[in-house]
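Okay, structure first, notes after.
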Amino acid sequence: MQNAIREVTPLLEDNAAVLGILMIVLGLVFYTASLENKYVVKFYSVIPPLLLCYFVPGLLNSANIIDGENSPLTGIGSRFFLPACLILFTLSLNLREMWNLRKGVGLMFFTGMVGIIIGGPLAVGITSLFAPSVVGGAGPDEIWRGLGTLAGSWIGGSANQAALREILQPSQELFSATITVDVFVAYIWMAFLLYGASKQQRFNAYFNADTAELETLTKRMDQQQKANIRIPETKDLVFMLSLAIGGTGLASLLANPITSYMEIHFPELEKFSLTNSFFWLILFATLIGIILSFTPARKLENAGASKMATVLLYMLIVTIGMQMDITAILENPGLFIVGIIWISIHALLLLWVGKLMKAPFFYYAIGSMANIGGVASATVTSAAFHPSLVSVGVILSVFSYAIGTYAGWLTAILMQLVSPG
């Protein structure tokens, strides 16, 4: 994607100063979000911190204080922070625990994922029947490209969304609009699920739910959490960064020759993004993380590997936000309709399966948010039910991070097939 050339010089051109501003924004958001002032709490109950981490840098870019479109920081974010955080997220993947969860919450999780994969193409197809221009476009402005990045966010998280942005190459305007749809539709849905957590007995009565398995799960997770958590030492932090950055370097080393080979021998696979070096970078970074999950490195999660990954993720998010044009959604407000139809299909499929299996409302909520919200939102949602259940949200979210880029890419290809024109 070619960067735009600005006609007006931005106020700040020094890259170190721009990075400093972005980190200050990140610090202020997290500091104010931790305050207990009732007005601040009420503000953040409506405007989540994640949204501000996208939109404050976007405001700085739109006001020409910084030039996000041409900054080298965006490349650093996508090529270093992103694969590094994916490695740290996935090294804690516990496939044995995933298998133990398969019959209850695991089934709801995979149902939610299927709802996103089929919901995207269905939403595009339905919208094309009465408003084909909303889901049309050409070149980098083809709507499926932007919605493909949304699929990555809704089957994984912001890291997967950023990966698919590099793979699918939507225009900056389309990506900005898609982020707006992502944040507002996803957080309205999350607000409903958090409300449901406070009324879970009513929902459980509606589902005629059997809560015995959930009670056993809560007890098991509580015991595991107390037994394993520890205060990180300096060596733990060094190990985390060495694996994350070293793994990123190895993934890049493997990705480049494969990309060249694919470009020379299989150029027709370009439409599936298989000649894109970033696709292979993310593929190998994720695989490295999964391989590390079978080694003693997985114990770094007890010292906070996923927290380190979250720090890198938020550093990535502000570098993405600095490229945003916050007015872009005004050019195609119909995208909100697509997003609402899409998430409604996801919700209805979960509702149907939940009724059939008599699932507790927790399974419904975390089966959705472990996909749509990623680790951060899944953690918040799990904690709203019981603090010991946070581990369940993390396990499922890590798995969604591991496969989110690939499932999102599949969803994008399906949306491409049903797009008009």
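Here are the numbers:
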{"item": "L35 vs. criteria open to solvent by 70 Å² or more (accessible area, probe 1.4 Å) and assigned to a loop (DSSP other than H, G, I, E, B)", "result": "no"}
{"item": "Verdict on F279 being among the aromatic types (F, W, Y), out of contact with any strand residue (DSSP E or B) (no Cβ under 7 Å at 6 or more places or on another chain) and open to solvent by 40 Å² or more (accessible area, probe 1.4 Å)", "result": "no"}
{"item": "Any hit, segment 46-68, residues being under 27 Å from F278 (Cβ atoms), open to solvent by less than 40 Å² (accessible area, probe 1.4 Å) and among the acidic types (D, E)", "result": "yes"}
{"item": "Test: residue in segment 304-326 that is modelled with pLDDT under 80, outside any helix (DSSP H, G or I) and open to solvent by 30 Å² or more (accessible area, probe 1.4 Å)", "result": "yes"}
{"item": "Residues that are of a type in the set (S, T, N, Q) and open to solvent by 10 Å² or more (accessible area, probe 1.4 Å), drawn from segment 155-170", "result": "S158, Q169"}
{"item": "Among the candidates F192, F184, residue that is free of Cβ contacts under 8 Å to residues at least 40 places away in the same chain and either more than 23 Å from R79 (Cα to Cα) or crowded, with 19+ Cβ neighbours inside 10 Å (or both)", "result": "F192"}
{"item": "Filter pass, R145 being within 25 Å of N70 (Cβ to Cβ), modelled with pLDDT of 90 or more and crowded, with 24+ Cβ neighbours inside 10 Å", "result": "yes"}
{"item": "Any hit, segment 241-260, residues being within 20 Å of the chain's Cα centre (by Cα) and modelled with pLDDT of 85 or more", "result": "yes"}
{"item": "Among residues of segment 201-239, those that are in a helix (DSSP H, G or I) and at pLDDT below 80, counted", "result": "19"}
{"item": "Hits in segment 364-406 - residues which are modelled with pLDDT of 80 or more and either more than 22 Å from R96 (Cβ to Cβ) or among the hydroxyl-bearing types (S, T, Y) (or both)", "result": "Y364, A365, S368, M369, I372, S400, T405, Y406"}
{"item": "Flag if F81 is part of a helix (DSSP H, G or I) and either under 30 Å from L300 (Cα atoms) or open to solvent by 80 Å² or more (accessible area, probe 1.4 Å) (or both)", "result": "yes"}
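The values are calculated or read from the model by the stated rules, or taken from the named source; none is laboratory data. This is a predicted model, so every value here is computed, not measured. Because the Cβ atoms are built from the backbone with ideal geometry, glycine has one as well, and the counts that use them run over all protein chains shown. Accessible surface areas use protein heavy atoms only, side chains included; no ligands, DNA or RNA. Shrake-Rupley method; radii C 1.70, N 1.55, O 1.52, S 1.80 Å.
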